[in-house]
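The values are calculated or read from the model by the stated rules, or taken from the named source; none is laboratory data. The structure presented is a predicted model; accordingly, all values stated were derived computationally and were not measured. We place every Cβ from the backbone using ideal geometry, glycine too, and count neighbours over all the protein chains shown. Ligands, DNA and RNA are excluded from the accessible area calculation, which covers all protein heavy atoms including side chains. Shrake-Rupley method; radii C 1.70, N 1.55, O 1.52, S 1.80 Å.
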Amino acid sequence: MDKRGKFIVIDGMDGSGKGTQIKLLQAKLARPDVLFTREPGGSPLGEEIREMLLRTEGNPRNPIADFFLFFASRGSHIEDIVTPAREKGAHVISDRYASSTYAFQVYGEEHHELLALFDAVMNSLDKNKYWPDLYIILDLPGEMAYERRSKDAAQAKSGFDLKPLAYHERTREGFKAFARDYGPVEFVDASRTPEEIHADVWRILSRELAL
Ligand code: TYD
């Protein structure tokens, strides 16, 4: 019998309420055999890379640099944290993963020239380690993502990165395209209330982890 823990990703569009869903899961799954992690980050090196990626001032964006920084963080996260935990029998739930690189860097930022690179990287990695057992992706119409983000921006400090509607539409398309080639993915309709979304996420997760 395979005693390795499972590797599950929770990902989703901006404004999908992913943060709330992760908090609800953390409250329900506060047990030693479940580890919550995040990307970028999740390991000491990953967290250092996260700071570089999220620091905007004096840091012009460059698609190749960002792409490799996200994957550098990912490599450290998998090798240093996810795989050792799974080998001890713990389940790992990651807040974002490769699906985000595909949806945001490739589709959202319109760097389709990265597609071949993304595919080469994903397919040359050890699938037992780098391919999650399941991605749960919170999906909503681009318009709703845009509206929710605009509301957040109105409440936030200046400098908040407000993306146009078309960007959210592209990221949605990116998550759908990702699911076709790199799944398994289960989409959850995130246009509903947090409770309704949670009920679906929980049903999928408890089935997958045999809780
Ligand atoms: P975070 O503050 O954790 O945002 P969120 O609550 O939306 O998850 O910052 C993570 C940001 O990094 C988020 O904007 C999505 C982005 N990201 C990418 O663009 N590509 C990636 O591969 C990953 C993992 C994250």
Selection from region 106-162 of residues that are in contact with a helix residue (DSSP H, G or I) (Cβ under 8 Å, 6 or more places away or on another chain) and among the basic types (Lys, Arg): 129, 149
Which ones in region 189-203 are in contact (Cβ under 8 Å) with a residue 60 or more places away in the chain and either crowded, with 16+ Cβ neighbours inside 10 Å or more than 19 Å from the chain's Cα centre (by Cα) (or both)? 190, 197, 198, 201, 202
Please tell me if residue 115 is open to solvent by 30 Å² or more (accessible area, probe 1.4 Å), modelled with pLDDT under 95 and under 29 Å from residue 57 (Cα atoms). no
Restricting attention to region 131-170, which residues are assigned to a helix (DSSP H, G or I), touching a Ser or Thr at 6+ places or on another chain (Cβ under 9 Å) and crowded, with 19+ Cβ neighbours inside 10 Å? 142, 145, 148
Give me the pairs: first residue in region 32-59 and under 24 Å from residue 132 (Cα atoms), second residue part of a loop (DSSP other than H, G, I, E, B) and away from the ligand (no atom under 13 Å from the Cβ), beta-carbon distance under 6 Å, and six or more apart or on different chains, which are they? 33/90; 35/90
Looking at (1) within 14 Å of the ligand (Cβ to nearest atom); (2) touching a helix residue (DSSP H, G or I) at 6+ places or on another chain (Cβ under 8 Å), can you tell me which one residue 83 breaks? (1)
